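A.B. asks: I am attaching a structure below and will ask some questions about it afterwards.
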Amino acid sequence: MLEIHQFPCLSDNYGYLIHDPASGETACIDTPDGAEYLRQAEAKGWRITQIWNTHWHPDHAGGNEAIQQVTGATITGPQEVTKMFPLDRAVTQGETATLGAFTADVIDVGGHTLGHIAYHLPQAGVAFVGDALFALGCGRMFEGTPEQFWASLSRLKALPPETMLYCAHEYTASNAKFAVHADPDNAALAEYAAEIADKRSREEWTVPMPLARELATNPFLRADTPDLRARWGGTTPEETFAALRAGKDSF
Ligand SMILES: [Zn+2]
């Protein structure tokens, strides 16, 4: 069994340590706060052996140096991380990363940044998606194009629907407000939004979330549906996605 330790980090990031008990290996999924990751690993009694970055933003790769200095961990990530800190291994779509007996498929999910990647571990039924996809939302399109971002989301849509998605921020409550605005007749979304409001009123986490639920409710994953196209315009999913992304940016 892959063990996943989730903890809040910085103001609204989630930190993740994943651990393979058989080999004793532990990987940091991104490094928003090096000191906090080192504390969390020590509390678990886990020795950090690897860092897997999703993209170069400082709240994802900013702790690489501190963690590597203390642990000697090897760093895997998209080439763009080298803007921040050297990588031991640059990976792209179709390549893999390995933690003990577990293999992660690297998925290109560029759009938030150009080289953003996700890590899908089919044996564990989980994917770490960074800032590409959030519960009921997706990342801001800082560097990519709607075409690129939609192709990225389409790769995530194609994962097994029971996959549990671990995103990097607790943005769900504000995402839910826009989602309901974007897709007001979606009953599954209304139910999900009510559940989120309830959870957040008790400061409970809304992450991870099953892909199946996002497929039914996340407007950015539903840019290819007649409902969203009718409401947001566009003649292709890419155009509808672009309208939704711009709508969220000014919401
Ligand atoms: Zn980011």
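Every read-out reported here was derived from the displayed coordinates using simple, explicitly stated rules and does not represent laboratory data. Here the structure is a predicted model, which is why all the values come from computation and not from measurement. No Cβ is skipped: glycine too gets one built from the backbone with ideal geometry, and neighbour counts run over all protein chains shown.
A.B. asks: With N set to the residue count of segment 104-159, report its C-alpha Rg divided by 2.2 N^0.38 Å to two decimal places.
C.D. replies: The value comes to 1.04.
A.B. asks: Quick one: dipole size for the chain, taken about the Cα centre, charges +1 on Lys/Arg Cβ and -1 on Asp/Glu Cβ, in debye to the nearest 20.
C.D. replies: Dipole of the chain, to the nearest 20 debye: 160 debye.
A.B. asks: Taking the Cα centroid of segment 119-189 and of segment 65-89, what is the distance between the two, rounded to the nearest whole Å?
C.D. replies: Centre-to-centre distance over Cα atoms comes out at 26 Å.
A.B. asks: For the chain, what is the number of Lys pairs with C-alpha distance below 26 angstrom, counting only pairs 8 or more positions apart or on separate chains?
C.D. replies: Here the count comes out as 6.
A.B. asks: Turning to a different aspect of this structure: Add -39500 (n - 2.57) for each DSSP H run of 4 or more in the chain, then divide by its residues: what number comes out at 222 nm, to the nearest 500 deg cm²/dmol?
C.D. replies: Helix contribution divided over all residues of the chain: -10000 deg cm²/dmol.
A.B. asks: Once segment 135-179 is represented by equal point scatterers at the alpha-carbon sites, with solvent omitted, what log10 I(q)/I(0) does the Debye formula produce at q = 0.14, 0.15, 0.17, 0.33 Å⁻¹?
C.D. replies: Ignoring solvent entirely, the Cα scatterers give -0.40, -0.46, -0.60, -1.13.
A.B. asks: Something else about it: So for the chain: antiparallel DSSP bridges make up what percent, rounded to the nearest 5?
C.D. replies: So the antiparallel bridges amount to about 70 percent of the total.
A.B. asks: Right, something else. If you project the alpha carbons of segment 192-251 onto the principal axes, what extent comes out on each, in Å, largest first?
C.D. replies: Result, largest extent first: 41, 26, 16 Å.
A.B. asks: Using only alpha carbon positions, build the gyration tensor of segment 3-249, then give the equivalent ellipsoid semi-axes as the square roots of 5 times its eigenvalues, largest first, whole angstrom.
C.D. replies: They are 31, 19, 16 Å, listed largest first.
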